Amino acid sequence: MAGDGTLALAALLLHATAFLVLAVAAPLRRLGRPAAYVSILAAAGSLGAAVLSWRAHAGEAISREVWTWLPAEGQTLATVGVLADADSTMMLVLVALVALLVQVYSLGYLTEETAPALGRYYTYQSLFAFSMMGLVLAPNFLQLFICWELVGLCSYLLIGFWYQRPAAARAALKAFWITKAGDVGLLIGIVLLWRHTGTFDLAELRVLADNGAIPLAGLAVMTFCIYLGAVGKSAQFPLHIWLPDAMEGPTPVSALIHAATMVTAGVYLLHRTSWLFALTPDVLAIVAWVGAFTALLAAVLACVQNDIKRVLAYSTVSQLSYMMAAIGAGFSAAGFFHLLTHGVFKALLFLGAGAVIHAVHSNDLTDMGGLARRLPQTAIVFTIGSLSLAGVPLFAGFLSKEEILGATLAGGFVGPFVLLIVVAFLTAFYMFRVVFLAFYGPGAPAAAPAATGAGGGRAAAQGAHGAHPAHGAGTPHHGGEPDATMLGPLWVLAVLSVAIGVYFTFVHPDPGFTSPAWLMPVAVGSAVAGIGLAWATYQRRAIDAASLAAAFGPIYRGALQRFWIDALFERAYLLAILGFSRLIGWIDRYLVDGVLNVLSAWTVTAGDDMRTMQSGRAQDYVYGVAVGLLVILLWVQFG
Amino acid sequence: MGLQAYLTLAAVVFCIGLFGVMTRRNTIGILLGIELMLNSVNINLVAFARYLGDVTGMVFAVFTICITVAEAAVGLAIVILLFRIRRTVTADQLDLLRG
């Protein structure tokens, strides 16, 4: 057994080693590409170890390798180590796979970076992969929380990779602070739970939960706090606003962190502790409803975005909420299943979008069009990813999505189920809007970068500087198909998407509930309807996009403003922070300083009043001494 | 005569000295008052030494006399310097430390 845990540990430590080497050996890091090779080599080894570990834990096998940490008062407060079982090793494989592919892809994508910047990028990448694996394999809440914060840090560092750009720096801060708001909840939840049960250890907690030994009083508050952490990390309403802005980072980063791995940590956490959440059905109901609502909100927002990465970002929010809804319905395995398939095809979509951006030098859909002729391979893999996301049979997202729909229905959540069906329709629509606009529609206007200014409002402006900063404003240099380092990972993911889809079409895993027979036709039908609408609107132009938008007037206008949620946050933030600062300022100026000023004024006037006592004549003092002595004598005698 | 008489004498001398210190305007007069007060203490010491049959008090009296001499020397030197600088030895006019 020990050997199996060691494999998982090796996967973790390879990335840690790569990070330490790159972090300590500054000359190596500044060389750029050699640093990248170190990181990629570690990632490849890590993937191998992860796959072997996954095969070893395919059944019920569980291995734990823990070391004592934080000894306190004769007992151990916490341990560090790995907890490898079927779920965690599967997640490990996903992380290792996407991390490796993204690192290879980045070699081709970030060719215009300077060598030190590239070295810095790969250092962060290694740190991220290590932290994420530490999170996935965490045997207790404490290690999980530490890694949770570490991935948040890496997210901050990588979103702000182009920190010279104000938008990127601001987005990095926004992501950090907003997720931090949820993290505080998570920390409170963990500590409360520890006070409640006396352990951080997941396995021990599980035993307690299975024996009904966890006191239920107050448990709902704790699970809700833990859920808050997931709300921040997995971008649930109302903390979803950081994820679209996080697209300011390099596209491979978006693929790895903000699509496939880190943002799914919240879902993973809830899946990992589903036995705990099962004790508090009220909280689960909140999870389901918030999930379904966020899914719809994000899907609507995705329909109106003109920035290809923002469409994908909102799509990620929407899909994460899908998983959340399934977990809330009580079937976390369905959510986890979708997490895995989504990780593969969303990474594919992001990397595909990266290839498009690399060729067009713009994020804006209005600058694209007819790209299938110039980028035939990218078009194919992107379409595969879109079909997977839409949930078309034989592609990766099909069965997992249907399982989620079945789970919400089986859990008795009819409301969320209806919302999710609408989302399935919208998902297919917005994905194929992108596909038809970018790849199959008529060609873009010739002077693409110049067109962004007039291209349409804010999204276009963001798109313009969201592309390559190196020559974003330069001449319209239109490249062709990307090189092998970028195409390779794309094809690997595309083949995987299809393979997973085909495999699970024939081998149904037991979801633990039965779905009604009409579910599959409805799910597929809504997806096909979405694709059809997108085709009719953006390919055939049979339906005018403007009149379609007009048909949903208020919703369309609201969605363009992101339903005022970002503005609301900004206002609330300004109001809270500025109001609080003003209050504190007033207290400092008038209470703290006031007290001191009054005290000093008193001292001055008291001194002024008392100086007249000092005559300066020696005899007066003698007189005072004599009288004082006399008083003391009399007091001693008669007092 | 008993101890009482000596103590009374000492108290009287002390009070005379104190009165002198507080009322004399001339600094030399003040110094004389201080001498009287110190000597009243000497009377006390010697009286108790004699009464209790313990020589310690007498030894202390000798010490006090020595110190008194030194004090007088320093005090008079200060008065002479004062006179040189201020051209007066009247205590009322020496109020440099007035607040």
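Here, each number is a calculation from the coordinates, and none is a lab measurement. These numbers were taken from a predicted model, which means no experiment stands behind them. Cβ atoms come from the backbone with ideal geometry, glycine included; neighbour counts cover every protein chain shown.
Over what distance in Å are the Cα centres of region A:1-73 and region A:158-214 separated?
22
What percent do you get for the relative contact order of chain A when only Cα pairs under 8 Å and 6+ apart count? Mind showing how you got there, number by number?
Working: 1077 pairs, mean separation 73.2, N = 639.
Relative contact order for chain A comes out at 11 percent.
Taking chain A as the region of interest, what is the percent of Cα-Cα pairs per 20 angstrom bin, listed from the shortest bin to the one with the maximum distance?
19, 49, 20, 6, 5, 2
Which shape class, rounded, prolate or oblate, goes with region A:483-559 when its Cα gyration tensor gives a ≥ b ≥ c as root eigenvalues, a/c under 1.5 marks rounded, and past that a/b bigger than b/c marks prolate?
oblate
For a quick check, take a GNM of chain B with Cα springs below 10 Å and name the residue from B:Ala70, B:Ala61, B:Ala11 with the largest mean-square fluctuation.
B:Ala70
Starting from the 7 Å offset along Cα-to-Cβ, what nm value, one decimal, do you get for the label separation of B:Cys15 and A:His508?
Simple spin-label model gives 12.3 nm for this pair.
Quick one: if you stick a label point 7 Å off each Cα along the C-beta vector at A:Gln75 and A:Glu204, how many nm between them?
0.6
So between A:Val191 and A:Leu629, what do we pick up on full extension, going 0.36 nm a residue minus the alpha carbon distance? Walk me through the numbers on the way to the answer.
On the way: separation 438, 0.36 × 438 = 157.68 nm, distance 6.59 nm.
Gain in length upon complete extension: 151.1 nm.
Could you tell me how many cubic angstrom of Cα convex hull volume region A:135-201 has per residue?
Value for region A:135-201: 57 Å³ per residue.
Could you state, as a whole-number percent, how many of the C-alpha pairs of region B:41-99 are farther apart than 14 Å?
So the pairs more than 14 Å apart make up 67 percent of the total in region B:41-99.
Can you show me the helix-derived [θ] at 222 nm for chain A, built from DSSP H runs with n ≥ 4 at -39,500 (n - 2.57) apiece and divided by the number of residues, rounded to the nearest 500.
Here the helix-only value at 222 nm equals -23500 deg cm²/dmol.
Tell me which of B:Ala10, A:Val522, B:Tyr51 sits at the most positive position along the dipole axis of the protein assembly as shown, charges placed on C-beta atoms (Lys, Arg +1; Asp, Glu -1).
B:Ala10
So for the pair A:Asp282, B:Leu94, with labels modelled 7 Å out along Cα→Cβ, what separation do we get in nm?
So the label points at A:Asp282 and B:Leu94 sit 8.8 nm apart.
For region B:3-89, state the average projected area of the convex hull of the C-alpha atoms over all orientations, rounded to one decimal in nm².
5.4
Filter the GluC sites (Glu not before Pro) in region A:49-139 down to the DSSP loop ones having no more than 15 other Cβ atoms within 10 Å, then list what survives.
Here the GluC sites (Glu not before Pro) that fit, given the DSSP loop and packing criteria, are A:Glu60, A:Glu73, A:Glu112.
If you find the alpha carbon centre of region A:578-600 and of region A:265-342, how far apart are they in angstrom?
47
For B:Arg84 and A:Asn597, what is the calculated FRET efficiency with R₀ set at 51 Å and r taken between the beta-carbons, to the nearest 0.05?
With a Förster radius of 51 Å, E is 0.60.
Would you mind giving the three semi-axes, in whole Å and largest first, of the ellipsoid equivalent to region A:209-314 according to its Cα gyration tensor?
The three semi-axes for region A:209-314 are 31, 14, 9 Å.
Using the Cα atoms of region A:492-639, I'd like the radius of gyration and the largest Cα-Cα distance, Dmax, both in angstrom.
When restricted to Cα atoms, region A:492-639 yields Rg and Dmax of 43.3, 117 Å.
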